[in-house]
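Below is one structure, written out as structure tokens; comments come after it.
The values are calculated or read from the model by the stated rules, or taken from the named source; none is laboratory data. None of the values given here were measured: they were computed from a predicted structure. Glycine gets a Cβ as well: all are built from the backbone with ideal geometry, and neighbour counts include every protein chain shown. Just so you know, the surface numbers come from the protein's heavy atoms only, side chains and all, with ligands and any DNA or RNA stripped out. Shrake-Rupley method; radii C 1.70, N 1.55, O 1.52, S 1.80 Å.
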Amino acid sequence: MLKVLSHSISTKHHPIGIVLRSFSTGSLMQENHKCKLLVVGGGAGGCSVAAKASSKLGAGKVIILEPADNHYYQPMFTLIGGGIKKLEDSFRPMKSVLPTLATWVKDSAAKLDPDNNAVYTSSGDKIEYEYLLVAVGLQLNYNAIPGLVEALSIPNGKVCSNYSPKYVNRTFEALRNFKAGNAVFTFPNSPVKCPGAPQKILYIAEHYLRKNNKLKNAHLQYNTSLPVLFGVKHYADALWEIIKKRNIDVNLRTNLVEVKPASDEAVFQNLDKPEEQFTIKYELLHVTPPMGAPDVLKACKSLVNEAGFVDVNKDTLQHQKLSNVFAIGDCSSSPNSKTAASVAAQSQVVYKNLMAVMEGKTPNRVFDGYASCPLVTGYNTCMLAEFDYSLTPLETFPVDQRKERFSMYLMKKDFMPALYWHLLLNGLWNGPGLMRKLMHMHV
């Protein structure tokens, strides 16, 4: 068995690079690691806090447990599905984005044992920690819908999904292949990352079909499990105007329960009357898969709530019972909208509260539930939704952000990816809070 462990041999400011060391181990030999802080997950949240913490604590004090070779900027998937960006634009090698002062254990968590301050990896290694940050994100459950995985495996097929790098290129293919009929877009009956994304591709698809003179033969339909078009009424009202103007049908409380790829049919359930189902024939079907807490998390009952999410205080993001455990991002029980922007705002709260606990102090930084959703509405327009826990708008710019703007589109397409790669992952971006205060200052 070949074990790979990444070690940094550099300082934060003079990176020499990350060196890969290989260990040949027999079946009875496992590695036993010890660290001050263990970060489980190398996504946006794990990477950002690990960068801050390793810079403060020094080399060798932080371990990041992450199995992936590549780190994806997932907010770009909507643009890839619309043919605006390429898949290769959306990722970097994992070793290039993880902080150089941290140690990368390239493996996945198989068992969390918070009662003994330990995590066991898939290869049988044991990592003992003093403090734990859980940052494992959400699990995509494509197999929860009968027929969906089969439909997504058909070459040049009519079924697509922007949510996975495995499938995202199928969306633009399906748009180009579209001739006439129903183009159906879904929102599942589960938590989802970036709840605006299932709608964004709907608006991009409508614009694509309009530009390519295919709209007159198309019937666009958005079937969402939610009782509303968008969770924040301030923006939902404006989105309903777009829906009406573009002649899109919306079915609320409607959930996809089966895909029949042989006949190009999708079966939906009325969530208010579960015994009622209806079938629709599709020419294009964009599916947002059901999502949930990763299985390894759900298996650790002392760490999670009934839904399988890390049971944290929504203000401090510290575990309700285990004072040395924090969570960030989509895997936490915090009731905010699950977006990359939320991670940015959470990262400083988690970092400051972690450091306070390490120093024997009471954590006092508070997360306000900030979330941002740049609602792309076509090939040159975007509406920037920003809000807090109470679903009250929390806007950065002193303009009406419900209006579709080219400037917001450019920000989403060009500015935000650079912000992500160069600032957020390096622990240097904590959300637009300061910018908001400056822009709304009254002289």
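Things worth noting here:
- Restricting region 140-165 to residues that are within 21 Å of residue 182 (Cβ to Cβ) and aliphatic (A, V, I, L, M), the residue that is farthest from the chain's Cα centre (by Cα): 154
- Search result, residues across region 55-107 that are of a type in the set (Ser, Thr, Tyr) and farther than 30 Å from residue 378 by Cα: 55, 96, 100, 103
- Selection of region 166-207 for residues being among the aromatic types (Phe, Trp, Tyr) and over 25 Å from the mean Cα position of the chain (by Cα) yields only 178.
- Members of region 239-271 that are farther than 15 Å from residue 148 by Cβ, among the polar types (S, T, N, Q) and touching a strand residue (DSSP E or B) at 6+ places or on another chain (Cβ under 7 Å): 251, 254, 270
- When region 405-428 is filtered for residues that are assigned to a loop (DSSP other than H, G, I, E, B) and crowded, with 18+ Cβ neighbours inside 10 Å, the ones remaining, listed by number, are 425, 427.
- Considered as a group, the residues in region 83-103 that are assigned to a helix (DSSP H, G or I) and open to solvent by less than 20 Å² (accessible area, probe 1.4 Å) include one that is farthest from residue 297 (Cα to Cα), and that residue is 90.
- Flag for residue 142 being within 28 Å of residue 305 (Cα to Cα), in contact (Cβ under 8 Å) with a residue 40 or more places away in the chain and in contact with a Cys (Cβ under 6 Å, 6 or more places away or on another chain): no
- Exactly one residue out of 59, 110, 53 is open to solvent by less than 20 Å² (accessible area, probe 1.4 Å), of a type outside the set (Ser, Thr, Tyr), at pLDDT 95 or above and in contact with a strand residue (DSSP E or B) (Cβ under 7 Å, 6 or more places away or on another chain), and it is 53.
- Some residue of region 69-81 being small (Gly, Ala, Ser), in contact with a helix residue (DSSP H, G or I) (Cβ under 8 Å, 6 or more places away or on another chain) and open to solvent by 10 Å² or more (accessible area, probe 1.4 Å): no
- Set 284, 303: member being buried (at least 22 other Cβ atoms within 10 Å of the Cβ) and under 26 Å from residue 169 (Cα atoms): 284
- Subset of region 113-130 (residues that are within 24 Å of the chain's Cα centre (by Cα) and either farther than 26 Å from residue 72 by Cβ or open to solvent by less than 50 Å² (accessible area, probe 1.4 Å) (or both)): 119, 121
- Scanning region 15-44 for residues that are in a strand (DSSP E or B), more than 30 Å from the chain's Cα centre (by Cα) and modelled with pLDDT of 50 or more gives a single hit, 32.
- Here is the figure for region 173-200: residues that are touching a Cys at 6+ places or on another chain (Cβ under 9 Å) and either at pLDDT below 95 or open to solvent by less than 50 Å² (accessible area, probe 1.4 Å) (or both) total 7.
- Evaluated against (1) assigned to a helix (DSSP H, G or I); (2) open to solvent by 10 Å² or more (accessible area, probe 1.4 Å); (3) in contact with a Leu (Cβ under 6 Å, 6 or more places away or on another chain), residue 209 falls short on exactly one condition, (2).
- For region 222-241, the criterion of being open to solvent by less than 30 Å² (accessible area, probe 1.4 Å) and over 28 Å from residue 334 (Cα atoms) is satisfied by no residue at all.
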